[in-house]
Structures are given as C-alpha cells and as structure tokens.
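The values are calculated or read from the model by the stated rules, or taken from the named source; none is laboratory data. This one's a predicted model, so the numbers in the text were calculated from it and none came from an experiment. Because the Cβ atoms are built from the backbone with ideal geometry, glycine has one as well, and the counts that use them run over all protein chains shown. SASA here: full protein model, heavy atoms, side chains in, ligands and nucleic acids out. Shrake-Rupley method; radii C 1.70, N 1.55, O 1.52, S 1.80 Å.
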Amino acid sequence: MSANETPVSHQPPTATYDSAFLKACRREPVPHTPVWFMRQAGRSLPEYRKVREGIPMLESCMRPELVAEITLQPVRRHDVDAAIYFSDIVVPLKAIGVELDIKPGVGPVVERPFRTREDLARLRDLTPEDVSYVTEAIGLLTRELGPTPLIGFAGAPFTLASYLVEGGPSRTYENAKAMMYGDPELWADLLDRLAAITSAFLKVQIEAGASAVQLFDSWAGALAPADYRRSVLPASAKVFEAVAGYGVPRIHFGVGTGELLGLMGEAGADVVGVDWRVPLDEAARRVGPGKALQGNLDPTVLFASREAVEAKAREVLDAAAGLEGHVFNLGHGVMPSTDPDALTRLVGYVHERTAR
C-alpha cells in the first residue's frame, strides 16, 4: 500500500456507499433528493420521551443500547435517508473530565468556566477508551441500519470554546469574545486543544462505522466574517483536515451564518449546511463551486397546514434545482412540539416530488 492510499478499513461502508444521501454529498446523480432532519431523534417523538423517561441526558448518551434505539426511532417512523447519531456536543468534554451537566430547560452548564491559561490543563487528549460506549453504539446501529447511512457529529471548536468560557448558553458571548479579542494567543491555544479533541471524537465515530460526519458550529453566526476568518476558521479547518483521509463526506453547519457561508466552505467541508435565512441558490453563489448544500426549510413551517408545508418545501426544492448536490433538511433542528406526522409527510413529499 502506498503512502497516499487510504486503508481499506477507512473506506465508506459498502452497504451505504450508493445511498441517495452519500451520492448527494458527493454531488453525484441521485434517485431522489435525500432527506434527514437535525434533531430528528428527540423530543418531538413520543417513543423518545418514553424511553428517556427518568434518565438524565448525559447518561442517556452513554448507554449504547439506548443510543441505538433513539437513533433508529426517526428512521423507522419517517423513512429518512440517513440516521444521525444520538449524542450531545459536550459529550467528549464530559468524557475527558470537564465538570459539566446538561440542565433541563437550560442546556450545558460548566461548573468552573475556562478563563485563564491554567484552565487549558483541564483539556487532556481524548482516547477511544474514553468513549467506548460510542464505538459500541455505532456497532449496534450499523448492523441495524444496513444500507441507511449513519451520520456522526461533533461540536466545532468555536461553539465548544464558547460554552467553556461562558459557563453555559449565552446570547452575547461577551466572555468568549473578550478572550478572543483581548488574549488572542490563549484563544488560539484553546481552540487548537478543542480541535484535537473534536478530531479524535469524529475519528472514533468514523472508525466504528459512521458514513459521514457533521461539524455543528451552532454559535458561529455571532461572529463577523473577519473575526471568523482570523480566530475560528483555522481550528475548524484542522478538524476537517484530520478526518479527510477517511473518505467520508464532511458537513459543516451553523445558525445565522449567511455572511459566513463562503468561509465555512473554505474550512474544508464537502457539504455546507444552510439555515432558512438564505435561499439555496444564493447560498450556492456565496459558497462557490465544488460543494454540496444541505437545507433549508424553516422549522416553524411544520406548524402550518400540510398545503403550506408543501408550498414552502417546493420553494426550497426549486431554489436547489441547479445545485450539483442537495440534501433536504431543515434550516435548524426539529422543534420539540412539532407533530411527528408532519415530518413523515414532508419526507414522502420530497421523495415523491424529486423522484427521477
């Protein structure tokens, strides 16, 4: 084997390679536009609420059989074209000993926020043994899913850093931005450390059998393009480069990132996720050639009538008509009070309308 060849174990699983989802990610012709939904596994499903009853969020992410069941639920119910691994972006941080918890109604809360260079010592390397439950769960899933691809995911360095520095969710990110502007060397070192942890977490998922990975930079929309290019893009690019050799599609998504779409593509993703604020034809112009796009129905549309949902879905599909590759998704995650039947009908509608 030459130095440039990818080991056989790193090739995409053959059962999923010709799936509509992976073909779209590779910008190849598809039998229909593939559909999956961010947060498709979760609170919108009564079967999810039943199996999660009384189990804290982080604990539920560490039980392989429970993770597999939750991940499979929307595939069974909605006939989506891909599963997304059920987890949370703070799982790798918890796995290396960061003291945090996911508080109901609040989100991740860090016991001691990161504010000084000494805090970097709390971020040790992540090993596969730290997240053995992930390897086990993905093994269970790939056997069950067969030809349906499984998407692995992780939080991007900027979003993870923001949680660590703020100590929890934030609307202003004043502490994170103060570090980014006021101590750029510490900020860069923090993001570098997180890029290494994130890369290791994605590698575990790919090596266990994930067919694609998505990097969630949920909070990147809070940044101006110049700040993103200087202070965030290098770390995200390191993550995408670290997993490039596996040959699986890499998706990059953030919310409120219309002004950053070109830069997010530049970071190295094969597929750029687009929220509902920018039409896909305009997003394609901003991203430039050589990338597939994912998106971008407004999640709140699902609360309207069936006719309204279909009309808005048609707008998304029409805007995507000229794209090299398109994965239909929402512009953000499924909202908890969404009617699951509305999602099932939407999948059927997109499949039927785009059948080739």
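The residues of region 144-169 that are over 13 Å from the mean Cα position of the chain (by Cα), under 20 Å from residue 65 (Cα atoms) and crowded, with 24+ Cβ neighbours inside 10 Å amount to a single one, 149. Being without any contact (Cβ under 8 Å) to a residue 12 or more places away in the chain and either buried (at least 17 other Cβ atoms within 10 Å of the Cβ) or among the charged types (D, E, K, R) (or both) is the filter here, so list the residues in region 24-59 that pass it. The answer is 49, 50, 53, 59. Entry remark, region 111-168: residues being among the aliphatic types (A, V, I, L, M), touching a strand residue (DSSP E or B) at 6+ places or on another chain (Cβ under 8 Å) and not in a helix (DSSP H, G or I) number 4 in total. Please determine whether any residue of region 185-195 is charged (D, E, K, R), part of a helix (DSSP H, G or I) and open to solvent by less than 40 Å² (accessible area, probe 1.4 Å). Within region 185-195, none of the residues are charged (D, E, K, R), part of a helix (DSSP H, G or I) and open to solvent by less than 40 Å² (accessible area, probe 1.4 Å). Output the residues belonging to region 209-260 that are among the polar types (S, T, N, Q), under 15 Å from the mean Cα position of the chain (by Cα) and either farther than 17 Å from residue 327 by Cβ or modelled with pLDDT under 95 (or both). Listed by number, the residues that qualify are 218, 236.
Of everything listed in (1) farther than 11 Å from residue 33 by Cα; (2) open to solvent by less than 20 Å² (accessible area, probe 1.4 Å); (3) not aromatic (Phe, Trp, Tyr), the single unmet condition for residue 324 is (2). Identification of helices (runs of 4 or more DSSP H) wholly contained in region 6-91 with 1 or more residues that are among the β-branched types (Val, Ile, Thr) yields 14-17, 46-52, 64-78. For region 11-23, filtered to residues that are over 15 Å from residue 328 (Cβ atoms) and among the hydroxyl-bearing types (Ser, Thr, Tyr), the residue that is most open to solvent (accessible area, probe 1.4 Å) is 14. Among the conditions (1) open to solvent by less than 50 Å² (accessible area, probe 1.4 Å); (2) not charged (D, E, K, R); (3) not in a loop (DSSP other than H, G, I, E, B), the only one that residue 98 does not satisfy is (3). Scan region 300-317 and give yes if some residue there is in a strand (DSSP E or B) and open to solvent by less than 50 Å² (accessible area, probe 1.4 Å), otherwise no. Scanning region 300-317, I find no residue that is in a strand (DSSP E or B) and open to solvent by less than 50 Å² (accessible area, probe 1.4 Å), so the answer is no.
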